[in-house]
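The values are calculated or read from the model by the stated rules, or taken from the named source; none is laboratory data. The structure presented is a predicted model; accordingly, all values stated were derived computationally and were not measured. Positions of Cβ are backbone-derived with ideal geometry, glycine not excepted, and every protein chain shown enters the neighbour counts.
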């Protein structure tokens with residue numbers, strides 16, 4: 001409740017410099033709340049898109065690992081260690097992540113160029129934002145690839161060779 005009164009008093013103080021109409025103060029306060037709701041909506045949408053990317057990458061990598069089960073069994077049978085299998089799965093996943101990151105950064109840059117000409121204060125190249133987005137996507141990819149990678153290392157060579 002204290003933050004609401006603080007916002008009202010800040011809104012009223014700012015409003016008192018402009019006009020003495022009480023309805024205008026309510027309009028200003030409503031604008032702040034609408035902006036806050038829009039920011040929360042964007043954050044929710046961003047979180048959902050990260051979750052969707054993680055689930056999609058997990059699905060692709062898990063499907064690839066399931067399809068290559070026999071290959072992993074042969075590799076383990078001839079002496080490949082778990083580290084080699086992990087490297088194989090992660091190299092496949094990292095190629096997907098690199099391509100997706102390049103496409104995302106390129107698309108983001110192009111969209112910022114369009115928005116820069118239409119909106120005030122939009123920067124074309126905000127390297128910190130791009131680096132944070134790529135870093136978040138890389139962390140998401142590592143988390144999404146953990147279970148399929150673990151499954152690939154636990155393949156039993158004999159059962160994988162007998163399966164077909």
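Among the listed residues 160, 127, 133, which satisfies the condition of being modelled with pLDDT under 90 and within 21 Å of residue 69 (Cα to Cα)? Outline the logic, then answer.
On the way: 127 fails: within 21 Å of residue 69 (Cα to Cα); 133 fails: within 21 Å of residue 69 (Cα to Cα).
The match here is 160.
What number of residues within the stretch 104-123 are surrounded by 12 or more Cβ atoms within 10 Å (Cβ to Cβ) and not in a helix (DSSP H, G or I)?
Number satisfying all stated conditions: 1.
I'd like to know if the stretch 135-156 contains one or more residues that are farther than 17 Å from residue 93 by Cβ, surrounded by fewer than 16 Cβ atoms within 10 Å (Cβ to Cβ) and touching a residue at least 60 places away in the same chain (Cβ under 8 Å).
Yes, the stretch 135-156 has at least one match.
Filter the stretch 56-85 down to the residues that are farther than 17 Å from residue 160 by Cα and surrounded by 12 or more Cβ atoms within 10 Å (Cβ to Cβ), then identify the one that is farthest from the chain's Cα centre (by Cα).
First, pick out the residues of the stretch 56-85 that are farther than 17 Å from residue 160 by Cα: 56-61, 83-84.
Checking which are surrounded by 12 or more Cβ atoms within 10 Å (Cβ to Cβ) leaves us with 56-61, 84.
Values: 56: 12, 57: 11, 58: 13, 59: 16, 60: 16, 61: 17, 84: 28 Å.
Step by step, filter the stretch 56-85, then rank; the result is 84.
Quick one: which residue in 113, 162, 128 is over 20 Å from residue 84 (Cβ atoms) and within 18 Å of the chain's Cα centre (by Cα)? Talk me through it step by step, then tell me what you get.
Numbers: 113 fails: within 18 Å of the chain's Cα centre (by Cα); 162 fails: within 18 Å of the chain's Cα centre (by Cα).
Result: 128 is the single residue among 113, 162, 128 that is over 20 Å from residue 84 (Cβ atoms) and within 18 Å of the chain's Cα centre (by Cα).
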